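The values are calculated or read from the model by the stated rules, or taken from the named source; none is laboratory data. Predicted model only: the values in this text are computed from it and were never measured. In this analysis, Cβ positions are derived from the backbone assuming ideal geometry, glycine residues included, and neighbour counts consider all displayed protein chains.
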Amino acid sequence: MPKERNGVAERKQKKDLLKRVALFRRLKEDELDLVVQYSGFSAYRDGEEIFAAGTNGESLFVVQRGSVRILAAKDGETRDIAQFIEGELFGELDLFEDAPRANGAAAEGETVLLAFPRPGLEFTSLLKKHPSLFARILTKLIQQISQRLRETNKLVSEKTPWIDDLRRQLLYDKLTGLYNKSYLEDDFQAELARSGETTSLLAIKPDNFKLVNDGYGHEAGDKALRRLADAVKDGIGPDGIGVRYRGDELMAVLPRTGEATARETAERLLTEIKAIDLEPIINSKDIQLTASIGVASYPSRVAGPAELVEKAVAAMFEARNSGGDRVC
């Protein structure tokens with residue numbers, strides 16, 4: 001269950017966070033104070049459900065820390081369709097729809113959200129209590145949505161690169177610059193099924209990343225994760241494709257690469273990951289990252305693209321359960 005945080009200092013934290021969001025940025029100070037009064041922080045564990053599909057949308061959310069995955073059910077499977085990171089707003093459209101939510105949401109990593117209104121309050125009752133303020137907020141929401149629609153229609157009609165930009169936003173992880181899980185589950189598997197060419201997949205998980213997050217904070221953790229992503233990109237070369245799979249787990253797609261060469265690449269990555277210098281991030285030499293890497297190859301070891309992902313992840317956990325800092 002999410003934990004609501006308390007404390008006088010939170011008022012400033014709430015206000016500073018709200019000012020990062022266009023919807024609230026231009027409110028007057030007294031109006032912003034009311035929003036602060038009716039909003040609340042909640043903390044979520046990695047993978048914890050924020051809301052489920054089918055529930056009513058009674059709040060909008062701003063991400064203070066961590067990130068949020070929007071989940072949609074399709075063909076009996078749950079898939080990521082969007083991601084929101086620190087400082088971003090989500091859930092605003094649900095306030096307008098008199099219908100259950102179509103999608104669910106879950107925390108990715110340790111996540112803190114600011115909900116407005118906070119749990120236990122109803123937007124409609126606050127609208128009646130403060131009609132001027134909430135009318136302004138609703139008006140701004142409508143203006144933002146209308147502007148997005150106009151810009152979208154204009155860009156599509158002019159056949160500009162907007163579609164490519166949107167695709168990049170959907171398939172790329174904002175923190176690391178790698179592809180995201182949606183790419184791995186959709187585009188990659190479809191292309192591999194079509195081409196049938198030899199491909200290997202590396203599943204990479206740092207063994208001791210929790211030491212950075214717990215000991216030096218999530219900002220340090222994010223910086224360390226970016227360093228890890230850069231090391232993977234450099235290690236797999238220009239033909240390899242880096243993917244942020246989930247949390248601190250990364251993947252590397254190695255096209256036209258058999259198992260033996262993929263293992264050599266994985267062994268080299270182990271060395272390069274251990275060489276990552278975290279001292280500029282944590283101001284200490286106490287932590288040296290190590291990783292567990294699983295290798296799977298298609299079509300020599302697996303029947304299809306989906307099984308390739310499963311086998312690589314299983315091998316990664318085998319390496320981790322065997323003590324880490326190794327390839328399986």
Inset, instruction - Quick one: count up the residues across the range 300-316 that are under 17 Å from ARG263 (Cβ atoms) and not β-branched (Val, Ile, Thr). - result: 8
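In the range 191-220, which residues are part of a helix (DSSP H, G or I) and either free of Cβ contacts under 8 Å to residues at least 40 places away in the same chain or in contact with a Pro (Cβ under 8 Å, 6 or more places away or on another chain) (or both)?
Step one: list which residues in the range 191-220 are part of a helix (DSSP H, G or I), which gives 191-195, 209-216, 218-220.
Answer for the range 191-220, where residues must be part of a helix (DSSP H, G or I) and either free of Cβ contacts under 8 Å to residues at least 40 places away in the same chain or in contact with a Pro (Cβ under 8 Å, 6 or more places away or on another chain) (or both): GLU191, LEU192, ALA193, ARG194, SER195, LYS210, ASP214, GLU219.
If I filter the range 260-267 for residues that are within 30 Å of ARG65 (Cβ to Cβ), of a type outside the set (Asp, Glu) and outside any loop (DSSP other than H, G, I, E, B), do I get at least one hit? Show your work before the answer.
So the first thing to find is which residues in the range 260-267 are within 30 Å of ARG65 (Cβ to Cβ), and the list is none.
Taking every residue of the range 260-267 in turn, none turns out to be within 30 Å of ARG65 (Cβ to Cβ), of a type outside the set (Asp, Glu) and outside any loop (DSSP other than H, G, I, E, B).
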Inset, instruction - Would you mind stating whether ILE293 is in contact (Cβ under 8 Å) with a residue 40 or more places away in the chain and outside any helix (DSSP H, G or I)? - result: yes
Legend entry - Residue check for ASP46: closer than 19 Å to ASP173 by Cβ and acidic (Asp, Glu): yes
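How many of the residues making up the range 97-118 are more than 23 Å from ALA73 (Cα to Cα) and not in a strand (DSSP E or B)? I'd like the intermediate steps shown before the answer.
Restricting attention to the range 97-118, the residues satisfying the condition of being more than 23 Å from ALA73 (Cα to Cα) are 110, 112-118.
After this cut, where a residue has to be not in a strand (DSSP E or B) as well, the list is 117-118.
Result for the range 97-118: 2.
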Inset, instruction - Answer yes if at least one residue in the range 244-252 is modelled with pLDDT of 90 or more, surrounded by fewer than 19 Cβ atoms within 10 Å (Cβ to Cβ), not in a strand (DSSP E or B) and not small (Gly, Ala, Ser), and no otherwise. - result: no
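Within the range 119-141, work out how many residues are over 29 Å from the mean Cα position of the chain (by Cα) and either outside any helix (DSSP H, G or I) or not assigned by TED's automatic domain parsing to the domain that holds SER42 (or both).
Result for the range 119-141: 1.
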